[in-house]
Each structure stands twice: as C-alpha cells, then as structure tokens.
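Step one of this worksheet: look at the structure below.
Rule-based calculations on the coordinates, nothing more; no lab input. Because the structure is a prediction, the values reported are computed rather than measured. All Cβ positions, glycine included, derive from the backbone under ideal geometry; neighbour counts span all protein chains shown.
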Amino acid sequence: MRVTVLGSGTAVPTPDRFPAGYLVEESGRRILIDLGPGVLRRLPQVGLGLEDIDAVLLTHYHTDHCADLAALLFGLCNPRYAARRELVVCGAQGLHELLAHLTAAWPWLARHEYPRRFEVIAPGHHRVAGFDVEAIAIEHTDASLGYRIRSEAGATAAFSGDAVACDALVPLARDAELFICDSAFPGAAPGPGHMTPTEAGRAAAAANARRLVLTHCYPECAGHDLIAEARAVYGGAIVLAEDLQQFELG
Ligand SMILES: [Zn+2]
Ligand SMILES: [Zn+2]
C-alpha cells in the first residue's frame, strides 16, 4: 500500500502546501482522503487522472477538506469519463445535504454518465474500493471522522483529519504503520480545534503507532521545530509532511 501526501496545508494559502488531501493506493485501487481546494491538480503530478480514483473519503465538511469535490464532479462531466468505473464518495452525516447544496449552486454537477454513489458512513468497519476502512468519530466538528485503512496485505494507515486531542485517536492509530495526524499549530501558539505536535506525539505514543506524520500545518508553524516537539513525548519515527511525499507500507 502506498500513501501520498497531496496536501499538507490548510485554509490559509502558502506556496508549498496545498489544503488537505491524501491518496491511498494498492493494486490499482485508489482512495482519496479529503479533497481540499487545488488537490485535484496534484493527481497529474503523480501520474494519475480523474479516471483513476475509485473512492473519496471525506473527514469533515470544512472547505479546506472538500472544496474540490465540486471540481471533481464537474471534471467528471467531461465525456472522456463517461465509461469510467463507479465512483463512491463517503462521509459523515451531512454528505447528502452538501451534495444538494452544491448541485443547487451548480446544477451541472448532477450530470453523470458513469455510475456514482454517495454514502453516509457511520463509525465502524466498511469495505471501500477493496480496502477495509474503519471510520472513527473524532472531536473537531459535530460530524468528523478519522479513517483507519487496512490493505489486503495487512498494512495499516490512520488519518486523524482535523482533530483536537481526544481518546478516539488511540484506537484510530493503534499499532498503525503510519499515523497521519493534525499538527496544525506549534506548542507556543496553539489554535482552537486543532492539535500541537506534542499532542500528536502523545496520541502516537498511546496508540503505539510506528511512524507519525505531522500535517495540516498553519503558517504559525514556520520557525518551530515540530519534530522536536513531538520527539519529546514519542519514541517512534516522526516525519513532517510535505506535499507529494510518498510512503510505501507493508
Ligand atoms: Zn476542520
Ligand atoms: Zn482543516
């Protein structure tokens, strides 16, 4: 299983970090976790097109995590995608309302010749595009989900989405090979609704995750040694996420 960081940034634009987006792939099956604005542009940068995505898992409906859903649906109106395989879009409560509002603003998003499905998923285990996906409720918005994804080969990657430090992060990341965790603000300048590297490190340690990837970095992180902050509380491998970085698991 390969995990690619498509966007390690936030709602505040910076030159190097696109808003949230991650790609999980194995054996030609591909899931996007979140679709922040601009993230679709990252796909051709890793040699992929819109025809290559089987499923989208949204962690929550803040715009920096899902604005490109509209761009995806509009892009897929292009006749070149008419014969593509089914697209599945999953998220917490509010998904159908989001689609209804997007379609009210842009009626052409309702058009599709290829099969597609929007699925509200509850916390628990789901089968998505050949992966075992466990959705776990995370404290951030009223309906935020983290995703724990296991490949057929047994590799596990955990995605916190946006989060505050909460107990749910431990089962989310338990023994995971890769734990991609909100680390939006440095300890010296914490922000509401998000985690610091120390909190991410504590969650990774409690979960016994093997490798922690600090992500969703706001500009306030500049000049701070986020890895050192996490290192003080967590003994596993720590990586500061960069866009287009890839991790091979399993
Ligand atoms: Zn958010
Ligand atoms: Zn966010």
By how many degrees, between 0 and 90 and to the nearest 10, does the Cα long axis of helix 197-207 differ from the longest principal axis of the chain? 90 degrees
Neighbours of Ile238 by Cβ distance under 10 Å: Lys/Arg at +1, Asp/Glu at -1, summed charge +1
Looking only at the chain, where both bridge partners belong to it, what percent of the DSSP beta bridges are antiparallel (to the nearest 5)? 55 percent
Go ahead and estimate [θ] at 222 nm for the chain from helices alone: -39,500 (n - 2.57) per DSSP H run with n ≥ 4, summed, over the residue count, rounded to 500. -5500 deg cm²/dmol
May I ask you to sort Ser27, Ser144, Ser160 by Cβ crowding, counting other Cβ atoms within 10 Å and putting the fewest first? Ser27, Ser144, Ser160
Give a residue-ordered list of calculated ³J(HN,Hα) values for region 44-60 (Karplus: 6.51 cos²θ - 1.76 cosθ + 1.60, θ = phi - 60°; whole Hz; x for Gly, Pro). x, 5, 10, x, 10, x, 5, 6, 8, 9, 8, 8, 10, 10, 9, 7, 5
With +1 on each Lys and Arg Cβ and -1 on each Asp and Glu Cβ, how big is the dipole of the chain about its Cα centre, in debye rounded to the nearest 20? 520 debye
Kindly provide the Kirkwood hydrodynamic radius of the chain in Å, to one decimal, from all pairs of distinct alpha carbon atoms. 17.9 Å
Equivalent ellipsoid dimensions for region 20-79 as semi-axes, Å, which come from the Cα gyration tensor, largest first: 17, 14, 10
